[in-house]
Amino acid sequence: MVINKPARAGTLESSDIYIMVQPNQGQGIEIQLDSIVLKQFGKQIQNVMRQTLKDLEIEDIKIIANDRGALDYTIRARLETAINRAN
């Protein structure tokens, strides 16, 4: 799957995550993560995002995420929604 245009999903409410995706032609996967639980769960959040991208067969994307304590299934849902809006 290819990202054609910028898109976003989510909110800045507690227990949610705001995700923006952009095309990143030929540059691979780039993740910019800001989170209130970055020290504790930053690696897990990035792992969920990378696994979601792998499942969707996406190789070139820029993700800007602002996390407010979202659980894994919320992160995955918001990322999938943003990707679907970008196509």
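A few comments on the model shown:
- Verdict on Leu79 being open to solvent by 80 Å² or more (accessible area, probe 1.4 Å) and modelled with pLDDT of 95 or more: no
- For beta carbons closer than 6 Å, sequence separation of 6+ or different chains, a first residue in the stretch 1-27 that is within 19 Å of Tyr73 (Cβ to Cβ) and a second that is open to solvent by 60 Å² or more (accessible area, probe 1.4 Å) and not in a strand (DSSP E or B), the qualifying pairs are Ala9/Arg78; Gly10/Arg78; Ser14/Arg68; Asp16/Arg68; Ile17/Arg78; Tyr18/Leu12; Ile19/Arg78.
- Inter-residue pairs, beta-carbon under 8 Å, first open to solvent by 40 Å² or more (accessible area, probe 1.4 Å) and in the stretch 60-72, second in a strand (DSSP E or B) and of a type in the set (S, T, N, Q), 6+ apart: Lys62/Gln22; Lys62/Gln32; Ile64/Gln22; Ile64/Gln32; Arg68/Ser35
- Neighbours by Cβ (under 7 Å, 6+ apart or cross-chain): first from the stretch 39-51, of a type in the set (Ser, Thr, Tyr) and modelled with pLDDT of 95 or more; second part of a helix (DSSP H, G or I) and surrounded by 13 or more Cβ atoms within 10 Å (Cβ to Cβ): none
- Within the stretch 33-47, the presence of at least one residue that is surrounded by 15 or more Cβ atoms within 10 Å (Cβ to Cβ), of a type in the set (A, V, I, L, M, F, W, C), in a helix (DSSP H, G or I) and in contact with a Leu (Cβ under 9 Å, 6 or more places away or on another chain) is confirmed.
The values are calculated or read from the model by the stated rules, or taken from the named source; none is laboratory data. It should be emphasised that the depicted structure is a prediction, and the values quoted were computed from it without experimental measurement. Note that we place each Cβ from the backbone using ideal geometry, even for glycine, and neighbour counts take in every protein chain shown. Side chains included, ligands, DNA and RNA excluded: accessible areas come from the protein's heavy atoms. Shrake-Rupley method; radii C 1.70, N 1.55, O 1.52, S 1.80 Å.
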